[in-house]
Number of protein chains: 2
Amino acid sequence: MSMIQTMDADGGDADGGEPLSLHQRILSDISERILSGAWAPGHRIPFEHELTAEYKCSRMTVNKALSQLAKAGLIERRRRSGSFVRRPQSQAAVLEIHDIRIEVEALGLPYRYERVARHKRRSSAEDRALLELDSNGPVLALECRHFAGKRPFAHEQRLINLAAVAEAANEEFFAVAPGPWLIARVPWSAAEHRIRAVAADRHIATALEIESGAPCLVVERRTWSAEHPVTHVRFTYAADSHTLVARFTPSQG
Amino acid sequence: MSMIQTMDADGGDADGGEPLSLHQRILSDISERILSGAWAPGHRIPFEHELTAEYKCSRMTVNKALSQLAKAGLIERRRRSGSFVRRPQSQAAVLEIHDIRIEVEALGLPYRYERVARHKRRSSAEDRALLELDSNGPVLALECRHFAGKRPFAHEQRLINLAAVAEAANEEFFAVAPGPWLIARVPWSAAEHRIRAVAADRHIATALEIESGAPCLVVERRTWSAEHPVTHVRFTYAADSHTLVARFTPSQG
DNA sequence: GCCGCAGTTATGTATATACATATTGAAACG
DNA sequence: CGTTTCAATATGTATATACATAACTGCGGC
């Protein structure tokens, strides 16, 4: 009894070896077999009590690993029946959307920000549609440009709901871009992004110094914090200046 | 002693009440306070032993909740110091990329698939660059169209690595689109997506029945299974036919 | 043969306990 | 006064145990 886990060289595969906890090792062993295809979708993975015997550990430890695999969507657990490898369903990918300064500096180019216009106004019907706002409270409308080197990199059109972020009314946004300013102030938020291609209209074409009608990538983001609409922003990129990258790696717990 | 958890009406907030487990309730209580801004970034959340007293449960139960919050990125845990609300960093969003049939049918339009061309060949240098392939093994190159009603909805150019998916060599892809065919066969995969705007060239313009030079959304996907390149696919959509949607909700346990 | 009621089984959740580990703050010491 | 040491503390991981719950199995009664 007791025995409280010494966990040194046995098992035998003697691979690299930063100190992984046991449940993490179980998790990665199993997910590797699933991702390699050794255990195909539908395959029943060993019962908890079998893994308990294999790894000489308690059921809680095995359970921790399997619960995480289930939450990650790699397996499905059914009482009385066991745990089964799921078949991959919707292709989901994680899209990381960084601050534009970061994007530009990652290209090795100097970043510059310019505020083009700023209007405080009572929200129009169009504003309310973009922000998904009920009341006709005040909003701040901003137009900005982000440069990579000498060339315009992105055009930004933004609405800020002043009912949610009152302090924005006192900020000119000459020096700070509204994105980082909001991130520093609004604690945690949910967001929805819409991505599409458009032809540049005259206004955008001038702002981005491209031809009217040229293809552009548009990323629109709507942001909520604590259920309240905070901001709506539309970024427009010239076709050749920007590519979004999204990755998906199942689990990697 | 024992007491093994009866867990009925106390606490007092008497809200809705589908049967949440205790650690889930702790988790959602805390994440609500973080997301509402009540606990701002940097705030120290109660110690495990304090929550233990508040919820009258064991430390393991509290620990389970806090560990999950840490893994979800909402809090940061430091030994000896406590757990702290993190400040949100990179805006990350989950982009769900469904099968095109699903996308089209979600619009309420009839879906039709058409195979335009199919070539089996030894991989060219360009093929190898797209697939990130080392050897010059055989590949299958496909060109297809997806229709929504009478109009072309998307154009698909695909390479399949026949070293990874040998059976594809025997499939004509007249009736089945390569996407669903592969998903049913390749167990689990990692993927990388690149999204950008382009102007339609002559070939694409003809295929999508749009004007040459019109803006298009391009989604490229590279897929691996068990570290081996499986397929590279480029979908091209006419600007007005398609919008990608990505959502981000922090945590949601 | 069919239906309902146990019993069995695997997972789900929780407890009390034990020991490991990183970190901090204060006491002891040169 | 600065440095080293040490104990206190909060989290990290694991154990053994207990009971709950869902779902499948088979048995018995009709």
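Side notes on the structure shown:
- Matching entry among A:ARG44, A:ARG80 (being within 8 Å of DNA strand C (Cβ to nearest atom), exposed (fewer than 14 other Cβ atoms within 10 Å of the Cβ) and farther than 17 Å from B:ALA226 by Cα): A:ARG80
- Pairs with Cβ under 8 Å, 6+ apart, first in region B:69-87 and on the phi > 0 side of the Ramachandran plot, second aliphatic (A, V, I, L, M): B:GLY82/B:ILE45
- Only one entry in A:ALA175, A:ALA168 is of a type outside the set (Asp, Glu), more than 8 Å from chain B (Cβ to nearest Cβ), more than 21 Å from the chain's Cα centre (by Cα) and part of a loop (DSSP other than H, G, I, E, B), namely A:ALA175.
- Remark: A:ASN136 falls outside the filter, which requires a residue to be within 14 Å of chain B (Cβ to nearest Cβ), polar (S, T, N, Q) and farther than 30 Å from B:ILE97 by Cβ.
- Any helices (runs of 4 or more DSSP H) falling wholly within region B:1-78 and containing at least 1 residues that are near DNA strand D (Cβ under 10 Å from one of its atoms), at pLDDT 95 or above and farther than 25 Å from B:GLN89 by Cβ: B:48-55, B:59-72
- Filter pass, A:GLU220 being assigned to a strand (DSSP E or B), closer than 22 Å to A:PRO138 by Cα, touching a Cys at 6+ places or on another chain (Cβ under 9 Å) and not small (Gly, Ala, Ser): no
- Residues that are of a type in the set (D, E, K, R) and under 27 Å from the mean Cα position of the chain (by Cα), drawn from region A:34-84: A:LYS64, A:LYS71, A:GLU76
- Candidate set from region A:206-231 (those that are of a type in the set (A, V, I, L, M) and under 20 Å from A:HIS146 (Cα atoms)); member that is farthest from the other protein chains (Cβ to nearest Cβ): A:ALA207
- Positions within region A:98-122 being in contact with a strand residue (DSSP E or B) (Cβ under 7 Å, 6 or more places away or on another chain), loosely packed, with under 15 Cβ neighbours inside 10 Å and of a type in the set (A, V, I, L, M, F, W, C), in sequence order: A:LEU107, A:VAL116, A:ALA117
- Subset of region B:90-113 that is at the interface with chain A (Cβ under 8 Å from one of its Cβ atoms) and assigned to a strand (DSSP E or B) - its residue that is nearest to B:ALA184 (Cα to Cα): B:ILE97
The values are calculated or read from the model by the stated rules, or taken from the named source; none is laboratory data. Everything numeric in this text was worked out from a predicted model, so none of it was measured. Ideal geometry is used to build each Cβ from the backbone, glycine not excepted, and the neighbour counts take in all protein chains shown.
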